[in-house]
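Engineer: This is the structure I have questions about; it appears just below.
The values are calculated or read from the model by the stated rules, or taken from the named source; none is laboratory data. Owing to the predicted nature of the structure, the values given are computational and were not obtained by experimental measurement. Cβ atoms come from the backbone with ideal geometry, glycine included; neighbour counts cover every protein chain shown. Remember, those area values only see protein heavy atoms, side chains included, never the ligands or the DNA or RNA. Shrake-Rupley method; radii C 1.70, N 1.55, O 1.52, S 1.80 Å.
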Amino acid sequence: VPTKYEALASDIVNLIADGTLKMGDRLPSVRESVASRGVSPATVFEAYYLLEARGLIEARPRAGYFVKAMPRAREEPRSALPGTAPQDVAVHDIVQSVLGPVRNREFVPLGSAFPNPALFPLERLARGMGSAMRRLDPRQLLEDLSPGNAELRHQLALRMLGQGMSVGTDEIVVTSGAMEALSLSLQAVTRPGDLVAIEAPTFYGCLQTLERLRLRAVEVETHPRTGIQIDALAETLRRHPIKACWFMPNFQNPLGALMPVSAKRELVQLLSHRQIPLIEDDVYAELYFGPERPLPAKAFDRDGWVMHCSSFSKSLAPGYRVGWVSAGRFASRIERLKLMGTLGVSVPAQLAVSHFLKHGAFDKHLRHLRSALALRQQRALRVIEQHFPEGARLTRPEGGYFLWLELPEKVDAMALTEAARARHISLAPGTIFSADRRFAHHVRINIGHPSEEALESALRVIGKLVTQAMA
Ligand SMILES: Cc1ncc(COP(=O)(O)O)c(C=O)c1O
């Protein structure tokens, strides 16, 4: 639980991040903050010192504290125009070899896909699990096999209703993380050899699933800030018999791209009209820095063609492996596949999450988590602005915990990853995010895992390595 001054500091960071407080704006005086927040002057001073130490604000003698100028902002990375031909996918070996070190505790895990587990309410979850299991009616153990615990599915449906999705409990199937939700969804609507439209770059887990199911990929232009380009998708659909699309409209991994609402609506209309299923991966949506959770494409689904997949792995309970799919017209097919595969998800894990949703303060936890991530992003952006050479392009996602860097073409991301590994820092090179390894001078950086100090010093090291690589 953050202290009072950390909470105040992260509120201010959020105001800076969402543009409410702009460069040069004066922060409320200590006396004003004491009055408005009901905290002590010492708390306000601590918060302001913290922000000052992080380079976000500056004290001007006798005038107060001001939001500091960001160094000149970097340009954003460019869209890569993917090849239009269908491709076989074979990425697993390279993904394994690159991501192996991520799990080593000695490494600064800039290459990891997970946020720092210390940011999660693990103790409360464990207590919830304990009390739910003690009160368990033994018959429930079998009832909670696929499609999953009824109370959990009810809680999920309620939550989704509040987020603009009207999803019946009976279309929700609980899965082992989002990964299984995505993979069952894909399996439900394809056969080996079929074509699947994906983003470029995309999450390597998507590529690995295509590889395992022997599906072929058609990459669609994906803008680093606005995601899938609808025109490009329409063209792909004209050219190829696409059987399914797998997209991440909210805080895409690895780009952090957020599709505008109008594009999400068009996307669902385009696909529903052609009766093409959309597999929507929405695992990062709760990690928004703006005023509200971005809508999923599922919010525009009238005819059940969208399979909305998510999990608690990134937002509440990493390692519990609790995810779900709201599967629309494909729900019974997916429930059947789940039963035929692994029967169901561990009941204690389902109960722990369900108990937390019902009694715990999920939204309160999320507020802290989002602030912590927004704070880290600000800090990382500053370090990169200052320590990376000219020509490095950088995203500024409005949520999640990834940054995507397009480095000058001279820099080989795989060689950079090797050099970083020798200094006990992991990176996720762009190479693992596409079937044709096109993103060869790009890297994805996780700002949500390392401690803030480790993050800053590791980024400086990477900046130096990039400079050397360019020399
Ligand atoms: C975009 C994306 N989808 C899905 C997953 C997998 O989620 P889970 O751990 O719930 O299976 C990840 C995890 O890295 C991810 O980044």
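Engineer: Quick one: which residue in 214, 239 is surrounded by fewer than 19 Cβ atoms within 10 Å (Cβ to Cβ), over 21 Å from the mean Cα position of the chain (by Cα) and at positive phi?
Structural biologist: One residue alone meets the criteria, 214.
Engineer: Report the residue count in region 165-174 for those that are touching a residue at least 40 places away in the same chain (Cβ under 8 Å) and either open to solvent by 10 Å² or more (accessible area, probe 1.4 Å) or within 8 Å of the ligand (Cβ to nearest atom) (or both). I'd like the intermediate steps shown before the answer.
Structural biologist: The initial filter retains those residues of region 165-174 that are touching a residue at least 40 places away in the same chain (Cβ under 8 Å), namely 165, 167, 170-174.
Checking which are either open to solvent by 10 Å² or more (accessible area, probe 1.4 Å) or within 8 Å of the ligand (Cβ to nearest atom) (or both) leaves us with 167, 170-171.
Residues that pass the stated criteria total 3.
Engineer: Please work out which one of (1) modelled with pLDDT of 95 or more; (2) buried (at least 19 other Cβ atoms within 10 Å of the Cβ) is the condition residue 372 fails and give its number.
Structural biologist: Exception for residue 372: condition (1).
Engineer: Looking only at region 111-128, filter to residues that are farther than 16 Å from residue 367 by Cα and open to solvent by less than 50 Å² (accessible area, probe 1.4 Å); which one of those is farthest from the ligand (Cβ to nearest atom)?
Structural biologist: In this case the residue turns out to be 128.
Engineer: Could you please let me know if residue 185 is closer than 25 Å to residue 300 by Cβ and open to solvent by 60 Å² or more (accessible area, probe 1.4 Å)?
Structural biologist: So residue 185 does not fit the description; no.
Engineer: Among 257, 244, which is of a type in the set (Gly, Ala, Ser), part of a strand (DSSP E or B), open to solvent by less than 10 Å² (accessible area, probe 1.4 Å) and touching a strand residue (DSSP E or B) at 6+ places or on another chain (Cβ under 6 Å)?
Structural biologist: Of 257, 244, the one residue that is of a type in the set (Gly, Ala, Ser), part of a strand (DSSP E or B), open to solvent by less than 10 Å² (accessible area, probe 1.4 Å) and touching a strand residue (DSSP E or B) at 6+ places or on another chain (Cβ under 6 Å) is 244.
Engineer: To continue, here is another question. Take the conditions within 12 Å of the ligand (Cβ to nearest atom), of a type outside the set (A, V, I, L, M) and either on the phi < 0 side of the Ramachandran plot or in contact with a Pro (Cβ under 9 Å, 6 or more places away or on another chain) (or both) and apply them to residue 332. Does it pass?
Structural biologist: Considered against the rule, which asks whether it is within 12 Å of the ligand (Cβ to nearest atom), of a type outside the set (A, V, I, L, M) and either on the phi < 0 side of the Ramachandran plot or in contact with a Pro (Cβ under 9 Å, 6 or more places away or on another chain) (or both), residue 332 comes out as no.
Engineer: Looking only at region 312-322, filter to residues that are of a type outside the set (Phe, Trp, Tyr) and under 22 Å from residue 368 (Cβ atoms); which one of those is nearest to the ligand (Cβ to nearest atom)?
Structural biologist: Initially, region 312-322 is screened for residues of a type outside the set (Phe, Trp, Tyr), giving 313-319, 321-322.
Right, trim to under 22 Å from residue 368 (Cβ atoms) and you get 313-319, 322.
Working: 313: 3, 314: 7, 315: 10, 316: 11, 317: 10, 318: 8, 319: 9, 322: 8 Å.
Looking at residues that are of a type outside the set (Phe, Trp, Tyr) and under 22 Å from residue 368 (Cβ atoms), I get 313.
Engineer: In region 176-210, what residues are within 10 Å of the ligand (Cβ to nearest atom), among the hydrophobic types (A, V, I, L, M, F, W, C) and touching an Asp or Glu at 6+ places or on another chain (Cβ under 9 Å)?
Structural biologist: 178, 181, 182, 203, 206
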